[in-house]
Amino acid sequence: MKVVELASLCGFEVLCMPDGDRQVSGAYIGDLLSWVMGRARADSAWITIMSNVNVIAVASLADVACVILAEGVTLDDELIKTATAKGVNILKSELPAYETATELVGKV
Amino acid sequence: MSEPLVFHFDINGDDFSTAGQASVQIKNNLRQLGLSPEIIRRVSIAMYEGEINMVIHANGGTADVKVYEDCVEIILADNGPGIKDIDMAMKEGYSTASDSTRSLGFGAGMGLPNMKRYTDDMKIDSTVGVGTTVTMKINIA
């Protein structure tokens, strides 16, 4: 499934989506950045509550398909610009991480 | 064997927000060279972890990336405090990072283990009070 379809089907808010046609496969939940880099697979959806600039770098380098910020966490405008420039898709969910993940079941 | 392509970076030691710039640049360079996404991912993550380590522990340093026909070599060098116990530092979950570093999502004690995980060869030369050089190789062919 494409990131743009996932966002729509799950009702996630789109903070930025420079590469909405990217395919999502699987998901990983984590806030410790090195765990994410060590364990998250390429092309997965990464669910986190971290919202600093390093999240964008990790998402880009670990090559995940999108970041989903859980618990209503958001990014400031400057970071959204950075993410857009780096081609990182960022979605936002009002739900906690677990409930956010259950929305993905059967879709990615 | 032909001469490698060499990329050199100075890693700024006082700023987490700029950490990763060298890794992102390398990612773009390797993409232009046509390397596979999986190789690029492994090089990028190993290098980013190294960059972050130099910011957390060593007040910065240098990164040199050499692209050969059959492998990518990453050499990270700093003049930081050195690693007292390399065996401990290699253990998953062991970290000497500060609480403020941890609040940013770093300091999980996974940096060096990740660098080893994603590379085919890794060597650490460290002298307490002098500095640390980490040399990593990722085979492409």
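Here, each number is a calculation from the coordinates, and none is a lab measurement. The structure presented is a predicted model; accordingly, all values stated were derived computationally and were not measured. Quick reminder, even Gly has a Cβ in these numbers, built from the backbone with ideal geometry, and neighbours come from all protein chains shown.
With a 10 Å cut-off around each Cβ of B:98-108, the average count of Cβ atoms from other chains is 4. Computed about the Cα centre, the dipole magnitude for the protein assembly as shown is approximately 400 debye when only Lys and Arg (+1) and Asp and Glu (-1) carry charge, each at its Cβ. Less than 19 Å from a label point 7 Å out along the Cα-to-Cβ axis of residue B:120: which backbone N atoms in segment B:75-96 qualify, by residue? Residues passing the 19 Å test: B:75-76.
Can you give the mean number of other chain Cβ atoms that lie within 10 Å of the Cβ atoms in peptide B:115-122?
Numbers: counts 3, 0, 3, 2, 0, 0, 0, 0.
If you average over the peptide's residues, the count of other-chain Cβ atoms is 1.
For segment B:1-40, backbone nitrogen atoms closer than 12 Å to the point 7 Å from residue B:66 Cα along Cα-to-C-beta are found at B:2-7.
Since only A:49, A:62, A:105 are under comparison, the one whose Cα sits farthest along the positive direction of the charge dipole of chain A, derived from C-beta charges on Lys, Arg, Asp and Glu, is A:62. Placing +1 on the Cβ of every Lys and Arg and -1 on the Cβ of every Asp and Glu, with no other charges, gives chain B a dipole of roughly 340 debye about its Cα centre. Each 5 Å bin from 0 upward holds the following percent of the Cα-Cα pairs of segment B:7-110: 2, 12, 22, 23, 19, 13, 7, 2, 0.
Can you tell me how the protein assembly as shown classifies by the Cα gyration tensor, rounded, prolate or oblate, using a/c under 1.5 as the rounded cut?
Cα axes put the protein assembly as shown in the prolate bin.
With neighbours defined as other Cβ atoms within 10 Å of a residue's Cβ, the residues A:71, B:69 order from fewest to most as B:69, A:71.
Taking the C-alpha atoms only, the angle from helix B:21-32 to the longest principal axis of chain B is near 20 degrees. Among A:60, A:44, A:34, the largest mean-square fluctuation in a Gaussian network model of chain A, built with springs joining Cα atoms closer than 10 Å, belongs to A:34.
If one computes the Cα centroid of segment B:7-59 and of segment A:1-57, what distance in Å separates the two points? For segment B:7-59 versus segment A:1-57, the Cα centre distance is 20 Å.
Pop out the Kirkwood hydrodynamic radius of chain A from its pairwise C-alpha distances, inverse of mean 1/r, in Å to one decimal. Result for chain A, one decimal place: 13.1 Å.
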